[in-house]
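This report refers to the structure that appears directly beneath it.
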Amino acid sequence: GAVVSQHPSWVICKSGTSVKIECRSLDFQATTMFWYRQFPKQSLMLMATSNEGSKATYEQGVEKDKFLINHASLTLSTLTVTSAHPEDSSFYICSAQPRLARDYEQYFGPGTRLTVT
Amino acid sequence: AQSVAQPEDQVNVAEGNPLTVKCTYSVSGNPYLFWYVQYPNRGLQFLLKYITGDNLVKGSYGFEAEFNKSQTSFHLKKPSALVSDSALYFCAVRSGFGNEKLTFGTGTRLTIIP
């Protein structure tokens, strides 16, 4: 149980285009989902926290107009990188916190590698 | 503000030997502590957590961690390392005061030498 999927697992796009990444909780409902960014050989940096049915809360320094987050249902959150540039190339990981989470557990997706050319 | 320190970027251990991956933390109030493992190009897999209770926590794949409040540490241990344990390990902390954010350490790359 507690499986989180991400789609796509990797994507290559041209500079200036937009890319959407999906994060799904497959066997549980998640009131809260988190989006992280991981640079090579570095730790995970929290980008934003999304709660179902409300606007995402972005961490300081993260451009909300560039990284659009939608948490439309209890099992799906999407991250759209708008007008992507090469510096947006990174590994993006989502996590989901079950609605009935015990001890605030988060379950992580497998990640999406974005390469902007 | 909460923080996590993993002082070693790289740990090398011979197969069959015990391993330790170090983690210290700083947080207001009672800490919730977690260890995760990451294999190449994959997301994070949960290993174990400390919330309350026994200071020695046992987790997946034979790993355990000891919560030491006086030293603000939560070191990850395993009695006998396997080559398959080679991966990137992250320690994470969050406050027990309803703050949902996890703060991660910088990660420790564990290499088990056959």
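Please report, in whole Å, how far the alpha carbons of chain B spread along each principal axis, starting with the longest.
Per principal axis, max minus min of the Cα coordinates gives 43, 30, 22 Å.
Assuming a viscosity of 0.890 mPa s and a temperature of 25 °C, what translational diffusion coefficient in µm² per second does Stokes-Einstein assign to region A:59-115, Rh being the Kirkwood radius over Cα pairs?
Roughly 188 µm²/s, to the nearest whole number.
Normalised by the number of residues in chain B, what is the relative contact order in percent for Cα pairs under 8 Å and 6+ residues apart?
38 percent
Using packing as a proxy for protection, rank B:17-26, A:56-65 so that the peptide with the highest average count of other Cβ atoms within 10 Å comes first. Before the final figure, lay out the partial values.
Working: B:17-26: 17.7, A:56-65: 12.8.
Those peptides, ordered most packed to least, come out B:17-26, A:56-65.
If you average 1/r over all unlike Cα pairs in region A:13-117 and invert the result, what Kirkwood radius do you get in angstrom?
13.9 Å
Output wanted: per-residue J couplings in Hz (rounded whole) for region B:85-94, from phi through Karplus 6.51 cos²θ - 1.76 cosθ + 1.60, θ = phi - 60°, x for Gly and Pro.
The phi angles translate into 6, 4, 4, 9, 10, 10, 9, 9, 9, 9 Hz.
Would any residue of region A:71-89 have its amide N under 11 Å from a label point 7 Å out along Cα→Cβ of A:H7? List them or say none.
none
Would you mind giving the mean number of other chain beta-carbons within 10 Å of the Cβ of each residue in A:36-45, as a whole number?
Mean shielding count: 4.
For chain A, what's the relative contact order in percent, using C-alpha pairs closer than 8 Å and at least 6 residues apart? If you can, show how the numbers build up before the last one.
On the way: 300 pairs, mean separation 43.0, N = 117.
Answer for chain A is 37 percent.
Let me spell out the model: positive unit charges on the Cβ of Lys and Arg, negative unit charges on the Cβ of Asp and Glu, origin at the Cα centre of region A:1-113. What dipole size does that give, in debye rounded to 20? Please report the intermediate quantities before stating the final value.
Working: 11 positive and 10 negative charges, 33 e Å.
Once rounded to the nearest 20, the dipole reads 160 debye.
Multiply the residue separation of B:N12 and B:S26 by 0.36 nm, subtract the distance between their alpha-carbon atoms, and state the gained length in nm to one decimal.
2.4 nm is the gain from fully extending B:N12 to B:S26.
In the protein assembly as shown, which Cys residues have no partner Cys with a Cβ closer than 4.7 Å?
For the protein assembly as shown, the answer is A:C13, because their Cβ atoms have no other cysteine Cβ under 4.7 Å.
Regarding the protein assembly as shown, what are the three Cα extents along the principal axes, ordered largest first, in Å?
In descending order, the Cα extents are 50, 39, 32 Å.
Accessible surface of B:D9 in the full protein assembly, 1.4 angstrom probe, to the nearest 10 Å²?
Counting only protein heavy atoms, the figure is 110 Å².
My understanding is that a pair violates if its Cα-Cα distance is over 24 Å; which of A:K20/B:K49; A:K55/B:K49; B:K49/B:K69; B:K49/B:K77; A:K20/A:K55; A:K14/A:K55 do that in this structure? Walk me through the numbers before you get to the answer.
Values: A:K20/B:K49 32 Å; A:K55/B:K49 30 Å; B:K49/B:K69 15 Å; B:K49/B:K77 13 Å; A:K20/A:K55 17 Å; A:K14/A:K55 28 Å.
With Cα atoms farther than 24 Å apart: A:K20/B:K49; A:K55/B:K49; A:K14/A:K55.
On average, how many beta carbons from a partner chain sit within 10 Å of the beta carbon of a residue in B:42-50?
Average neighbour count from other chains, rounded to a whole number: 5.
The values are calculated or read from the model by the stated rules, or taken from the named source; none is laboratory data. Not measured: the values here are computed from a predicted model. When we count neighbours, we look across all protein chains shown, and the Cβ atoms used for this are built from the backbone with ideal geometry, even at glycine. What goes into the accessible areas is simple: the full protein's heavy atoms, side chains included, and nothing from ligands, DNA or RNA. Shrake-Rupley method; radii C 1.70, N 1.55, O 1.52, S 1.80 Å.
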